[in-house]
1. Just rank Ile215, Ile195, Ile76, fewest to most, by other beta-carbon atoms within 10 angstrom.
2. Relative contact order, percent, of region 120-235 when contacts are C-alpha pairs under 8 Å separated by at least 6 residues?
3. How would region 146-222 be classified by its alpha-carbon gyration tensor: rounded, prolate or oblate, with rounded meaning a/c under 1.5 and the a/b versus b/c comparison settling the rest?
4. Could you size up the charge dipole of region 258-346 around its Cα centre, putting +1 on the beta carbon of Lys and Arg and -1 on that of Asp and Glu, and report it in debye to the nearest 20?
5. Under a Cβ-Cβ cut-off of 11 Å, what is the net charge of the residues other than Gly177 that fall near it, where Lys and Arg count +1 and Asp and Glu count -1?
6. Under 5 Å between amide hydrogens, which residues at least 5 positions from Ala167 or on another chain qualify, with H placed 1.01 Å from N in the peptide plane?
7. Which value does Rg/Rh take for region 184-294 over its C-alpha atoms, Rh per Kirkwood?
8. How much net charge surrounds Lys28 when only other residues with a Cβ under 12 Å from its Cβ are counted (Lys, Arg +1; Asp, Glu -1)?
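Read-outs throughout are calculated quantities, based only on the coordinates presented, and are distinct from any laboratory measurement. Keep in mind the model is a prediction, meaning the values are calculated, not measured. Note that each Cβ is placed from the backbone with ideal geometry, even for glycine, and that neighbours are counted across all protein chains shown.
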Amino acid sequence: MAMTDFPLNHPLAIQRWSPSLAVEAEKKQYFRKFMGTDEKSMIVVKKELEKKAGEKITVGLCMKLKQDGIEGDNIIEGHATGEEALSFFNDDFFINQRRKSTKSKGRMSEQRVPYNMRKKGRDALSTWFSEDYDEILMCYLAGARGIDPSFHVPTTWTGRANNPLQAPDADHLVYGGNATGKANVGSDDTMELGIVEKLVAKVETLDPMIMPFMIDGEKKYVLLMHTWQAYQMRTSTSNNDWIDIQKQAGIRGKGNLVYKNSLGEYADVIMHKHRNVIRFDDYGSGSNLPAARALLLGAQAGIIGWGGDSGPNRYSWNEEKDDRGNALAITAGAIWGCDKSRYNGKDFGVVAVDTYCADPN
């Protein structure tokens, strides 16, 4: 009797798990709410290689015209400032395949537990990929790996896919309190509301200016702090002031993803916290003080792209039996790359904020 059979590795079976892996991974990604294809997004998604061959994406930036104009009927042709050439800078980044696999010991091991190993493998891989994206994006935006031992990549990691981590330039790095450099950060140079005012004064006068997010016609920025930095800020602010900060964000940010899970808003800066914000242990005159690098973020702070058929919503999915059919091995992967936006040797959409940062517990 003929029977319809969908054996292991049948293409229809694979497609069922590849999209579901993408859906689950996307839900868990912190930075997903900041991604978009337009230049108003914090992380700009580039699609040039999703359906084409290649490994490098180049992004151009046209600078503003700066020189004087011409009055009345004065001749503009050939004028030294009246005729101004457009000025362009470019940034580029590479993509590469990144994979992760999980494997059972064998059929007898699977027999002992009431788990669906394919589903458990999918769930575990979705968590891994979501964490991996967030950790790697955080490293690129900060321009450093830091010391967090929970990251997938080792502390010696310097980047992937031929995209090296790039430290902040001097114009895009500030310090907490009275500190003016890494070596003179002290235990009193912590995160506080005064830094927010300092950052606003900086980003609005930088050239080129960091592009804000436009929300209901108003210019906004995001300050992303480590959990311990957020604790320092809250405990250095009166309870009534902090309540007002939270209320303001709740009123203005209803339904806007930039406000989702935010701490509040102050001076047009929407404040967020995350455990993956990069930490260090070598600040201060003795190179032994803990610190963290918060990030003041605007539009086009980072760029990300996918290649092949992977895209942001699809992963490769492969299942095979090892040990002569005894052990189930599942491998998922995606071709992708990311980088911090940087033109003419300077960061474009991010200012690093280094402060003393210790575990309050």
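1. Ile76, Ile215, Ile195
2. 15
3. Judged from the Cα gyration tensor, region 146-222 comes out oblate (a/c at least 1.5, b/c at or above a/b).
4. 300
5. Overall, the nearby charge balance is -3.
6. The answer is none.
7. Reported Rg/Rh, Kirkwood definition of Rh: 0.99.
8. -3
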